[in-house]
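Note sheet for the following structure.
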Amino acid sequence: MSTRVAALQMVSAPEVAPNLEAAGRLIAAAAAAGARLVALPENFYLIGRHETDKVQAREADGKGPIQDFLTRSARTHKVWIVAGTVPIAGSDERRIRGACLVYDDSGRRVARYDKMHLFRFTSGDERYDETRTLEPGDRPVAIESPFGRLALSVCYDVRYPELYRALGAFDAMFVPSAFTVPTGAAHWETLLRARAIENQAYVVGVNRVGDGGGLAYAGDSVIIDPLGDPLASAGDSECIVTAEVDPSHVAAVRKRFPFLADRR
């Protein structure tokens, strides 16, 4: 049975409240369009002026305005939500966990995955290092749902195919991201299509768009089928991308091309 999935491409602002308002508007619109499962980008709650701004927005695990908003939105609109990342307090007060949280349509949190691979970049005088503000997670996560088995990951994780293979078979994988324009243009869709093909699963890549914190985000959110073909994609503005996801199609593809079963 197919399910409509929505990727909510957002332009985030420097304050949490306007971003939650924008996310709420997009969630409501996606639900009205028939989506039962919606995904938000990495750091949807904030595009800070400084790297440390997201640390100041941190919440204790299980409570806080961002988590309360997600619970309320899922329950009100009767949708499952894959919430990009939420800033959850860790063991170091100077850093947070980039937690991808999943809520069912009653508003109950059913999963948490902490981003494992933290992005670093150096080019001349330009440097970016997520380890300054993030603590890495230590285990991959996939969950059972009414829509099939869902694999969770965040942004830079998509460059590590072994992460997904460690999870075994799944029907769809989510990659909430904050890919910038240079790497987005070079690698974003190529990486997502590769992960879809090699895992024979749907891929939902939901990205941020717009400028902030000295960076320009690429947009180009996309939903890809198990053969690696894009089903729906976005441009470079706020929008909702929807497509039908069907676990029976995943099973049919794997029966026709059984290379996962043939691994040695």
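Using alpha carbon coordinates only, what is the Rg to Rh ratio of the chain, with Rh defined as the Kirkwood radius? Walk me through the numbers before you get to the answer.
Details: Rg = 17.1 Å, Rh = 18.2 Å.
Expressed as Rg/Rh, it is 0.94.
Taking only the alpha carbons of region 1-40, what extent do you get along each of the three principal axes, in Å, biggest first?
Principal extents (Cα only, largest first): 40, 14, 10 Å.
Which value, in Å to one decimal place, does the Kirkwood hydrodynamic radius take for region 176-263 when every pair of different Cα atoms is included? Show your work: numbers first, answer last.
Values: mean 1/r = 0.0726 Å⁻¹.
It is 13.8 Å.
Starting from the Cα of R132, move 7 Å in the Cα-to-Cβ direction to define the label point; list residues of region 164-191 whose amide nitrogen is under 20 Å from there.
Under 20 Å, as judged by backbone N against the label point of R132, lie 178-183 of region 164-191.
Where both residues lie in the chain, what percent of DSSP beta bridges are antiparallel, nearest 5?
Details: 39 of 59 bridges.
Of those bridges, close to 65 percent are antiparallel.
So what's the angle, to the nearest 10 degrees on a 0 to 90 scale, between helix 16-32 and the longest Cα principal axis of the chain?
20 degrees
With everything on Cα atoms, drop me the angle between helix 247-256 and the longest principal axis of the chain, reported from 0 to 90° to the nearest 10.
Roughly 50 degrees between the two axes.
Given 0.36 nm per residue, what is the gain on full extension from T190 to R94 after removing their alpha carbon distance, in nm?
Working: separation 96, 0.36 × 96 = 34.56 nm, distance 3.44 nm.
Once the chain is fully extended between T190 and R94, it gains 31.1 nm.
Let me have the 222 nm mean residue ellipticity of the chain computed from DSSP H runs of 4+ only, each contributing -39500 (n - 2.57), with the sum over all residues rounded to the nearest 500.
Values: 6 runs with 60 residues, N = 264.
My calculation for the chain gives -6500 deg cm²/dmol from helical runs alone.
Using the crude model of +1 on Lys and Arg Cβ and -1 on Asp and Glu Cβ, and no other charge, please compute the dipole size for the chain relative to its Cα centre, in debye to 20. Could the numbers behind the result be given before it?
Values: 32 positive and 34 negative charges, 152 e Å.
So the dipole magnitude of the chain works out to roughly 740 debye.
If you roll a 1.4 Å probe over the heavy atoms of the protein chains, what accessible area per residue do you get for the chain, in Å²?
Values: 11420 Å² over 264 residues.
On a per-residue basis, the chain sits at 43 Å².
Can you compute 3J(HN,Hα) from phi for each residue in region 156-162, using the Karplus curve 6.51 cos²θ - 1.76 cosθ + 1.60 with θ = phi - 60°, rounded to whole Hz and x for Gly and Pro?
4, 3, 5, 7, 10, x, 5
Select from S2, V16, V38 the residue farthest towards the positive end of the dipole of the chain; place +1 on Cβ of Lys and Arg, -1 on Cβ of Asp and Glu, and compute about the Cα centre.
S2
Need one value: the accessible area of C100 in square angstrom, 1.4 angstrom probe, rounded to the nearest 10.
C100 has an accessible surface of roughly 0 Å² with all protein chains in place.
Measure nothing but the geometry: give the 0 to 90° angle between the long axis through the Cα atoms of 189-199 and the longest principal axis through the Cα atoms of the chain, rounded to 10°.
50 degrees
Wrap a convex hull around the Cα atoms of region 115-264, take a quarter of its surface area, and give that in square nanometres.
Numbers: hull surface 39.9 nm².
Here the figure is 10.0 nm², rounded to one decimal.
Is there a quick way to get the dipole size of region 15-71? I mean about its Cα centre, with the Cβ of Lys and Arg at +1 and of Asp and Glu at -1; what is the value in debye to the nearest 20? Working shown, then result.
Working: 6 positive and 8 negative charges, 36 e Å.
Its charge dipole is roughly 180 debye.
Show which lysines lie in cross-link reach of K54 when reach means a straight Cα distance below 20 angstrom and same-chain residues fewer than eight apart are skipped.
Result set, ordered by chain and number: K63, K115.
Quick one: putting +1 on the C-beta of Lys and Arg, -1 on the C-beta of Asp and Glu, what dipole do you get for region 85-228 around its Cα centre, in Debye to the nearest 20? Can you show the working numbers first?
Working: 17 positive and 20 negative charges, 46 e Å.
Around 220 debye, computed over region 85-228.
May I ask you to order 69-77, 102-110 by the average number of other C-beta atoms within 10 Å around their residues, highest value first?
On the way: 69-77: 19.7, 102-110: 17.0.
Packing proxy ranking, top to bottom: 69-77, 102-110.
The values are calculated or read from the model by the stated rules, or taken from the named source; none is laboratory data. The structure displayed is predicted, hence computed values, not measured ones. Every residue, glycine as well, gets a Cβ built from its backbone with ideal geometry; the counts of neighbours run over all protein chains shown. The accessibility values were calculated without ligands, DNA or RNA, using every heavy atom of the protein model including side chains. Shrake-Rupley method; radii C 1.70, N 1.55, O 1.52, S 1.80 Å.
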